[in-house]
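The values are calculated or read from the model by the stated rules, or taken from the named source; none is laboratory data. These numbers come from a predicted model, not from an experiment. Note: ideal-geometry Cβ built from the backbone for every residue, glycine included; neighbour counts use all protein chains shown. The protein model used for the area step is the full one, side chains on, heavy atoms only, and it has no ligands, DNA or RNA in it. Shrake-Rupley method; radii C 1.70, N 1.55, O 1.52, S 1.80 Å.
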Amino acid sequence: SGGDGRYLVFSAVQGRYQHLFRSNTDGSEVRQLSFGNSMEVDSSISHDGKWVAYASTAHTGAGYATTLWKVPIDGGEPIALKRKDCEMPHFSPDDKFISCVEAQKTIHILSPDGTLFRSFPALPRATLSFGARWTPDGKAVTYIVDNNAEISNVWMQPVDGGPAKRLTDFTSGSIYHFAYSLDGTRLFLARGQQIRDAVLITSSDSKRK
């Protein structure tokens, strides 16, 4: 969900492929948005509710290629953005920029037509599996960084080129996901403790057989 709060956009399997669909928030009026011999999973709705940006991955014969697109929220002809191998797009609050992530290591800031505006290397041990989310004021993008194997925090990268800054200050636990509320007043976090030990249990009865 996102944008102006009127719609949900989700991905569903269609035969051998996976495409994007739009529905009302109550699940009614489902409409397919993406088509073809490709896979579309991650997407973002613009804050004015008019566009959906998404990454599309297709087999090229020599491997797989990912391209960035946007399509009207009501469906129609998709528009190719000028960036390849960039995934997990997110619209800025004013819809003037789109963030995306390349190779889980680099954050790109694009104009609405895909022209590159700025790029930033992600911090070591960054988690970018759901992209770099914008702060409510649109001045930075945010993502998770693992301080060590069991502690993670949200960091923000100012889009003006300043150094990355830590947004949260947890001293224990892992962050698995986060999102801002639609009005930008709250930051929701999914946190927990990682369990790494495994114990092998064998039956005494089986040993006697």
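Residue by residue, what Karplus-based ³J(HN,Hα) values in Hz, rounded to whole numbers, does the range 36-46 have, using 6.51, -1.76 and 1.60 with θ = phi - 60° and x for Gly and Pro?
Here the 3J(HN,Hα) series is x, 8, 8, 10, 10, 10, 8, 7, 8, 9, 5 Hz.
To make sure I understand the rule: partners must be aspartates and glutamates, Cα under 19 Å from the Cα of Lys165, and not fewer than 8 residues away in the same chain. Which ones qualify?
Correct list for Lys165: Asp137, Asp146.
Given the peptides 24-34, 101-111, arrange them by the average over their residues of other C-beta atoms within 10 Å, most packed first.
Going from most to least packed, we get 101-111, 24-34.
Rounded to the nearest 20 Debye, what is the dipole magnitude of the chain about its Cα centre when Lys and Arg each give +1 and Asp and Glu each give -1 at the C-beta?
680 debye
How big is the Rg/Rh ratio for the chain, C-alpha atoms only, Rh by Kirkwood, two decimals?
1.06
Net charge around Asp113, counting only other residues with Cβ within less than 13 Å of its Cβ (Lys, Arg = +1; Asp, Glu = -1)?
Taking every other residue near Asp113 into account, the sum is +3.
If you roll a 1.4 Å probe over the heavy atoms of the protein chains, what accessible area per residue do you get for the chain, in Å²?
57 Å²
Report in % the part of the accessible area of the chain that belongs to carbon and sulfur, leaving out ligands and nucleic acids; probe 1.4 Å.
C and S atoms contribute 52 percent here.
Glu77 versus Arg191, label points 7 Å from Cα toward the beta carbon: distance in nm?
4.9 nm
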